[in-house]
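Asker: The structure is given below, and queries will be raised subsequently.
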Amino acid sequence: MKQRRNASAAVLGSAVMGSAVMGGSQLFLRLYTRLGCQARPPQFVVEFYPYANLMHTIRVKEDVAHVRLSDVLLNAPLVVFEAAAAILLSRIYRRRAPRELLAAYRSYTSAPATRRRIARLRSARGRRVQSGPRGAIYDLAPMFTQLNRRYFAGRLHRPCLGWSSRTWRSQYGCFDPALDQIVMNRWLDRGAVPRYAVEFVLFHEMLHVKHPLRAARCGIEAHSLEFRQEEKRYAHYQQARKFLDKLP
Ligand SMILES: [Zn+2]
């Protein structure tokens, strides 16, 4: 969550994290058939995503399968993409991925050049927060539980929670889907900051956990209109906004 808002930042799609993979949906369709899946295939939306490691995800919602491939694969040979697709599809449709594809994937990922690339990306992209949820004033763990119960029917997955090691100048909090963690600006962990303001920032980051497709990495914000509507469900929305906006 950014400290300063400007009106246009909330516009849908103003910041796009992933970039579409050329021919990605055809490739997934092909593999869907090759794996012997019988049912009508979903529509595949495939994009590269800057995960901090070699991770790919697939999420099927209604008729659309959202696929995120680690951008480590950016220049990988076609067979590696096919393998990644087969691995993801085999997981959700309970099929067996072809052996030759698995072998191709393994040899690509274990190649020294690939390992080096992953190591470089990982060190450039975020680290896991060290502090733990308990701050000097506020403890994020019970706060998360309460917010979860009240606004998410207790169903939201709990990522790692922690405080930034230093005070941040431009952000109140951030959810990093690659590391699966919410980091809150240490600046908020003070008696001078009312509980509702801290809760609101945490609630905002929790909405990013709930809407992973809109989730942005630290520093880049992407909020849909729907997201902004849902944000207003927070009981002390106006007060919290007022408090956070008046800050430098
Ligand atoms: Zn946000």
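Please treat every number below as a calculation from the coordinates, not as lab data. For clarity, every value in this text was computed on a predicted model and none was experimentally measured. Note that each Cβ is placed from the backbone with ideal geometry, even for glycine, and that neighbours are counted across all protein chains shown.
Asker: Quick one: if the Förster radius is 45 Å, what FRET efficiency do SER110 and GLN43 give, using the C-beta to C-beta distance and rounding to 0.05? Display every interim value, and only then the final one.
Answerer: Numbers: r = 33 Å, r/R0 = 0.74.
After rounding, the FRET efficiency stands at 0.85.
Asker: A further question on this structure: For ASP180 paired with ALA103, estimate the spin-label separation in nm (one decimal), with each label point 7 Å from Cα along the Cα-to-Cβ line.
Answerer: Here the modelled spin labels are 3.2 nm apart.
Asker: Taking 7 Å along the Cα-to-C-beta vector as the label spot, tell me the LYS232-SER170 distance in nanometres, rounded to one decimal.
Answerer: Once both label points are built, they end up 2.9 nm from each other.
Asker: By its C-alpha gyration tensor, with a ≥ b ≥ c as the square roots of the eigenvalues, how is the stretch 74-158 shaped: rounded for a/c under 1.5, else prolate for a/b larger than b/c, else oblate?
Answerer: On the way: a/c = 4.56, a/b = 1.77, b/c = 2.57.
It is oblate, given that a/c is not under 1.5 and a/b is not larger than b/c.
Asker: Let me ask something else. Could you compute the FRET efficiency for LEU29 and ARG120, with r as their C-beta to C-beta distance and R0 at 22 Å, rounded to 0.05? It would help to have the intermediate numbers written out before the result.
Answerer: Working: r = 33 Å, r/R0 = 1.49.
Step by step, r from the Cβ atoms, then E = 0.10.
Asker: A follow-up question, please. List the trypsin sites (Lys or Arg not before Pro) within the stretch 64-167 that DSSP assigns to loop and that have no more than 15 neighbouring Cβ atoms inside 10 Å.
Answerer: Details: sites: ARG68, ARG91, ARG94, ARG95, ARG96, ARG99, ARG106, ARG115, ARG116, ARG117, ARG120, ARG122, ARG125, ARG127, ARG128, ARG134, ARG149, ARG150, ARG155, ARG166; in loops: ARG94, ARG95, ARG96, ARG125, ARG127, ARG128, ARG155, ARG166.
Those that pass, being in a loop and sparsely packed, are ARG94, ARG96, ARG127, ARG128, ARG155, ARG166.
Asker: Moving on to the next point. Per 0.36 nm of contour for each residue apart, how much would the distance between ASP63 and GLN130 grow if the chain were fully extended, relative to their Cα-Cα spacing? List each step's numbers first, then the result.
Answerer: Values: separation 67, 0.36 × 67 = 24.12 nm, distance 3.92 nm.
So the extension gain works out to 20.2 nm.
Asker: Any chance you could run the full-extension gain for ARG241 through ARG195? It's 0.36 nm times the residue separation minus the Cα-Cα distance, nm to one decimal.
Answerer: Numbers: separation 46, 0.36 × 46 = 16.56 nm, distance 1.27 nm.
Difference between extended and current length: 15.3 nm.
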